[in-house]
Amino acid sequence: MRHLFRLCLLLFICLPAMAQKKSNELHFTSSQQQLITVYKGTIFVNGNKAFVFHEDIINYSSKRNRLIEDGHSVFLFLEVNGSPNKNRLYVFNIDHSLADSILNAISSDVKDYDHDGNLEFGGSDLTEKYPAADSMYYIPSKFYEIKRGKITYDAELTETTDKKVNGVYLAEPLDNKGNCCKVIPKPKKRY
């Protein structure tokens, strides 16, 4: 009886610790029956090594890791550690047994932000606080859109978002030295 009690106590203590173990593996299957595995910083497509990260910076537990299919295109989204800035989404085009890295963006949910029927993703990174109370550094964003099997820059959503956040849109947000970003007056709050 004492042994059974010890066994139950051991299972009670060990099982939650085993369940909380960090996973370093992801599995996806496309509608084209491509088997995609991400394991310890390497992407495998149909068992073939398709891409290797220099170091394993993938956030395996992120809900933003996903496969999105549009038309005949298959896109793999992986959230990676962007420390000390915001996390990033690395996007790969999966074609046959290849994983082609096509872009990386600020990590965000992939959804229809502007209600145009297409999925978008992206956003803005962290910026420093400007020391004057009436001014701020411009906070540029960058959004992308999935449309007709391609991922393209979404200029309209980017401009709309920047106007909402900054009160103005600047096509060239870098300062004279090429640093991010120009100083602008703080936008007036809208009620």
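Listing for the model above:
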item: Apportionment of accessible area to carbon and sulfur, region 24-107, percent (1.4 Å); result: 45
item: Helix axis angle, 155-166 relative to the chain longest principal axis, alpha carbon, degrees; result: 80
item: Average accessible surface area per residue within the chain, 1.4 Å rolling probe, Å²; result: 68
item: Segment HIS72-LYS163, length gained on full extension (0.36 nm per residue, minus Cα span); result: 29.3 nm
item: Given (i) 19.5; (ii) 17.4; (iii) 21.1, the label whose value is Kirkwood radius over Cα pairs in Å derived from this model; result: (i)
item: Computed [θ] at 222 nm, helices only, for the chain once each DSSP H run of length n ≥ 4 contributes -39500 (n - 2.57); result: -5000 deg cm²/dmol
item: Among SER23, SER107, SER124, residue whose mean-square fluctuation peaks in a GNM of the chain (springs only between Cα atoms under 10 Å); result: SER23
item: Exposure ranking of THR152, THR37 by accessible area [1.4 Å probe, largest first]; result: THR152, THR37
item: Global geometry of region 114-168, whether rounded, prolate or oblate, following the gyration tensor of its Cα atoms and the 1.5 cut on a/c; result: prolate
item: Pairwise FRET efficiency - LYS129 versus THR29, Cβ, R0 = 41 Å, nearest 0.05; result: 0.35
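The values are calculated or read from the model by the stated rules, or taken from the named source; none is laboratory data. Owing to the predicted nature of the structure, the values given are computational and were not obtained by experimental measurement. So basically every Cβ, Gly included, is an ideal-geometry build from the backbone, and we count neighbours across all protein chains shown. The area values use the complete protein model at the heavy-atom level, side chains included, leaving out ligands, DNA and RNA. Shrake-Rupley method; radii C 1.70, N 1.55, O 1.52, S 1.80 Å.
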